[in-house]
Amino acid sequence: MSAGPINFQVAKQVPIAQVLAHYGVQLHATGGELRGQCPLPEHTSRESRNSFSVNIARNLWCCQSQSCIHARDGELGGTVLDLVARLERCSIREAAVRLTEWFGEVTPVPVQATSVSQTNLPLRFQLSGLEHSHSYLEGRGITALTSRTLGIGYYGGPGMMQGRVAIPVHNEAHELVAYAGRSVEGEDPKYRFPPGFHKSQELFLLHRAKHTGDHAVIIVEGFFDAAKVWQAGHRNVVALMGSSLSDTQAGLLQKHFRQAVLMLDGDDAGRAATDAITRRLSQIMEVEAIHLKPGVQPDQLAPTEMNETLSGHLRPGRGLGR
């Protein structure tokens with residue numbers, strides 16, 4: 001096997017369909033992806049016969065069998081390099097060498113950010129056994145009723161969410177597309193997302209907020225900000241899952257609402273994001289910006305203070321989303 005330098009980026013460009021064909025793996029096309037029985041040696045489940053999926057556009061694979069995920073130390077999937085390394089039981093470098101030997105030097109093709117390649121596919125499973133009354137949630141001021149209603153809870157089972165607070169993320173059509181795993185002991189990363197998940201394509205709690213009948217939407221940064229606003233009685237709240245606004249998110253807001261009330265964090269990043277998003281959204285809808293005190297986040301506000309703050313920015317007649 002070659003001992004020279006290996007271009008890993010080039011090796012990752014080998015089409016995953018060719019790699020699967022090399023191993024004789026046969027999958028069927030469904031919902032814009034390939035799906036079938038998992039070929040990995042770690043997969044021992046006889047019940048999970050349709051858990052292996054391939055995103056051709058992004059050249060990624062994933063197995064959503066919980067036993068298979070557990071056997072792979074919580075990894076949901078990865079690139080063609082990861083796939084070959086698993087199948088050959090070799091290192092990533094050796095996998096790159098073998099891909100180059102089998103398929104030659106593949107010329108990298110720039111990946112265009114299309115609506116197809118950026119689509120978050122629905123998950124084919126739901127986590128069970130979540131603890132809705134966990135001490136971490138109590139410390140964040142989230143009640144068991146709120147956690148249970150929003151599907152949030154501590155997960156102690158196998159997989160990449162093990163030992164984390166799992167937060168379900170749904171798309172506009174109410175389909176479960178991801179779990180965000182929040183660390184509870186300060187370990188990195190703070191949040192863990194499934195491979196290939198695009199936060200920029202979703203708005204947390206939009207699937208609930210769009211049914212309130214409210215013309216106004218409250219926009220916050222984080223999951224727990226949204227949960228606390230929701231818990232205070234404002235059901236018309238969504239979270240960006242960050243401090244930036246994508247074109248897709250802006251389009252979703254314009255589609256379902258006529259007024260936006262920004263209530264981002266009271267730090268430098270939050271203030272800068274508030275100014276930038278206000279300028280952007282004001283071109284397509286009415287915008288009100290709330291500037292919290294320095295260092296204050298929405299989830300730190302008491303319900304009374306939160307209600308008073310929001311009532312001063314939502315237009316009369318638009319409602320408070322209760």
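The values are calculated or read from the model by the stated rules, or taken from the named source; none is laboratory data. Model, not experiment: these values are computed from the prediction. Positions of Cβ are generated from backbone atoms using ideal geometry, with glycine treated the same way; all protein chains shown enter the neighbour counts.
Output the residues belonging to region 280-312 that are in a helix (DSSP H, G or I) and under 26 Å from the mean Cα position of the chain (by Cα). Explain how you work it out, then say what you get.
Taking region 280-312 first, the residues in a helix (DSSP H, G or I) are 280-281, 298-300, 303-311.
Once the filter is applied, which keeps residues that are in a helix (DSSP H, G or I) and under 26 Å from the mean Cα position of the chain (by Cα), region 280-312 yields 280, 281, 298, 299, 300.
Are any residues in region 219-248 outside any helix (DSSP H, G or I) and either of a type outside the set (A, V, I, L, M, F, W, C) or over 20 Å from the mean Cα position of the chain (by Cα) (or both), and if so, which ones?
As a first pass, look at region 219-248 and keep what is outside any helix (DSSP H, G or I): 219-222, 232-246.
The answer is 221, 222, 232, 233, 234, 235, 236, 242, 243, 244, 246.
Does residue 156 meet the test of being free of Cβ contacts under 8 Å to residues at least 12 places away in the same chain and small (Gly, Ala, Ser)?
no
So residue 149 ticks every box in (1) polar (S, T, N, Q); (2) surrounded by fewer than 15 Cβ atoms within 10 Å (Cβ to Cβ); (3) touching a residue at least 12 places away in the same chain (Cβ under 8 Å) but one. Which box is left unticked?
(3)
Please name all residue pairs, on different chains or six or more residues apart, with Cβ atoms under 6 Å, provided the first residue is in region 32-61 and is in contact (Cβ under 8 Å) with a residue 60 or more places away in the chain and the second residue is surrounded by fewer than 20 Cβ atoms within 10 Å (Cβ to Cβ) and among the β-branched types (Val, Ile, Thr).
57/116
Look at residue 86 and say whether it is at pLDDT 90 or above and of a type in the set (D, E, K, R). Quick ask: steps written out before the conclusion?
Values: at pLDDT 90 or above: yes; of a type in the set (D, E, K, R): yes.
Yes, satisfied.
Sort out which residues of region 260-277 are over 17 Å from residue 301 (Cβ atoms), among the small types (Gly, Ala, Ser) and at pLDDT below 95, and write them in order of number.
Of all residues in region 260-277, those over 17 Å from residue 301 (Cβ atoms) come to 260, 268-269, 272-273, 275-277.
Imposing the further condition that a residue be among the small types (Gly, Ala, Ser) reduces the set to 260, 269, 272-273, 276.
The answer is 269, 272, 273, 276.
For the structure I just gave you, tell me whether residue 189 is outside the structural domain of residue 298 (by TED's automatic domain parsing) and free of Cβ contacts under 8 Å to residues at least 12 places away in the same chain. Spell out how you get there, then give the answer.
On the way: outside the structural domain of residue 298 (by TED's automatic domain parsing): yes; free of Cβ contacts under 8 Å to residues at least 12 places away in the same chain: yes.
Yes; evaluated as a whole, the condition is true for this residue.
Here is a list of conditions, (1) under 21 Å from residue 102 (Cβ atoms); (2) part of a loop (DSSP other than H, G, I, E, B), and residue 9 meets all of them except one; can you say which number that is?
(2)
Among 189, 195, which is surrounded by fewer than 17 Cβ atoms within 10 Å (Cβ to Cβ) and in contact with a Cys (Cβ under 8 Å, 6 or more places away or on another chain)? Let's see the steps before the verdict.
Values: 189 fails: in contact with a Cys (Cβ under 8 Å, 6 or more places away or on another chain).
That would be 195, the only listed residue that is surrounded by fewer than 17 Cβ atoms within 10 Å (Cβ to Cβ) and in contact with a Cys (Cβ under 8 Å, 6 or more places away or on another chain).
So in region 13-65, with the set limited to residues that are in contact with a Leu (Cβ under 9 Å, 6 or more places away or on another chain) and in a helix (DSSP H, G or I), which one is modelled with the lowest pLDDT?
17
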